[in-house]
Every structure is written in C-alpha cells, then in structure tokens.
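Structure record follows, encoded as structure tokens.
Throughout, read-outs are computed from the coordinates displayed, never taken from laboratory work. Please read these numbers as outputs of a predicted model, since none were measured by experiment. Cβ placement follows ideal geometry from the backbone for every residue including glycine, while neighbour counts extend to all protein chains displayed.
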Amino acid sequence: MVRIVADLHTHSLACGHGFSTVTEVIRAAADCKLEAVALTEHGPGYPGSVGYAYFNTYRDIPSEMFGISVLKGCEANLMNLAGELDFDENHLAQLDIVIASCHKEVTPIGTIEQNTAMYIGAIQNPYVDIIGHPDFPLYPIDVEAVVRAAAARGVALEINNSSPAARPDSEDMCAEIICNAKRLGAKLAVGSDAHYHLVVGNFDYAYEMLSKYGYPLEQVINSSMDKLLSHLKRNR
Ligand SMILES: [Zn+2]
Ligand SMILES: [Zn+2]
C-alpha cells in the first residue's frame, strides 16, 4: 500500500517555539516507521529562530540515525512581496531540502494579486523544493495561478498536517489546492509541521484531504524514497 514514508517538515527547540530536541524528532520518526525525516528549522528571518551558523553546522548530525535518513534543511521565510527568502542561494544550495513559507511575523500581507506574485516569485527560486502551507488564509491567492507556476517549475505544494490547528479556516484553500494540483499535474508534499516530537509522522489530516479530493498518493513526492530523492536532486 502506498503511504507517506518521510516527514518533510519538523521543528525543534532551536526555533524558540518548539519543544523537542532534533534527536527526539529523529527518533520519533524512526519509531513511527518512516524512512526519512527532514529537519526544517525556521530561517533567521523568523523572530527568535536560529541564525545562519545553525544551518552551517548541520555537518555534525549524521545523515542516517536510528536506521532512517536525516535530511538537513530549512523552512525559509518569504521576506517581501517579491518572494525573496531569508537565505541566499549559496546557503540554500548546501541544504538537502528547502521549504519556503509565508509567516505573519515576517511576511507582508498583500492583495490577492500581490500574494500570488509573491508565491510565484519564491517558486522561481531554483532551490525551493516545497512551498509550505500555501493554504494560509491570511494570504489569499489565485490558487490556479500558483499551482500552474509550481507545476511548471516542478515545485511541490505542501499539504500541512498542522494547518487545521495552526491556520484556522484553511480547509477550503487546501481543497482548492489539491483539486487544482490534480487537474494541472502539480506535485504535492506532505509534512507534519511538528513542533513537538509526538506529532512527528502524524499525517491524518493530509491523508483525509488527499483521499477526499481524489489526489493520487503516488504523485505525492514523499510517497517513496525514490520519488523524494529525485525531487530533491532535480536542481542540485
Ligand atoms: Zn514554527
Ligand atoms: Zn511554517
């Protein structure tokens, strides 16, 4: 049976609003029989998160622990309406996986046209693998335009398992993203967005939404390690 084999979105104590160590996160992923977990700490633009030195020191963490792969990445912030990130391309090129997301603490809120252009700007960045929680109702977008741009660039859009709790009323946008992605052949990714290790590997909401709107699990980039690694390698 096809299933999600990697949690691509996790946080740790380091960001200032997480509650587990990276070791606990990795062990939790191994305990729920995943094959990989991505460490995707908030970028330096997020108030209270880590600086660049954190990402430069990932080398000390093994790429395999407790029998699973450890991907060392970030959740970069969209910093302006052009969709520029809080990392330059040299930094991003050194990471295994890059999520780019809007956060109200740092990302300006524009009109629908501006928000759409902002996401499309981030999608043009060759090192962005996944757009994080594009179902954020605080940033209304032309969903079809964003999905089209993502499909054209081979960037995955995230179905974020924490959205119902973290982004109230996001379900309609999530549904619209899934339906457009299905129709336009865009890739999706699933992540827990865990800020505590007990939430790592919880994909219940994502599974429910993907099945409800008929998006084939086989087209989710983290439904097999082969698919995942070829997605991550595509521009590296
Ligand atoms: Zn966070
Ligand atoms: Zn986020």
Problem - Potential extension, C32-A166 segment - 0.36 nm per residue separation minus Cα distance - result: 46.0 nm
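Calculate how many DSSP beta bridges within the chain are antiparallel, expressed in % of all such bridges and rounded to the nearest 5.
Values: 3 of 27 bridges.
Here the share of antiparallel DSSP bridges comes out near 10 percent.
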Exercise for the section: Calculate the length of the line joining the C-alpha centroid of the stretch 15-82 to that of the stretch 101-170, in whole Å. Expected result: 20
Exercise for the section: Would you compute, for the Cα atoms of the chain, the largest minus smallest coordinate along each principal axis and list the three values in descending order, in whole Å? Expected result: 43, 40, 33
Problem - Sequence-distant lysines (8 or more away, or on other chains) whose Cα lies within less than 21 Å of K182 - result: K212, K227
Practice task
Taking amide H positions as placed in the peptide plane 1.01 Å from N, state which residues far from G45 in sequence (5 or more) or on other chains have amide H under 5 Å from it.
Solution key: N77
Completion exercise
Ranked output for segments 22-28, 104-110 by mean other Cβ atoms within 10 Å, highest leading, reads 22-28, 104-110
Practice task
Report the label-to-label distance for L229 and K104 in nanometres (one decimal), using points 7 Å from each Cα along the Cα→Cβ vector.
Solution key: 4.1
Fill in the blank from the handout: On the formula 1/(1 + (r/R0)^6), with r taken between the Cβ atoms of E64 and D88 and R0 of 35 Å, the FRET efficiency rounded to 0.05 is 0.75
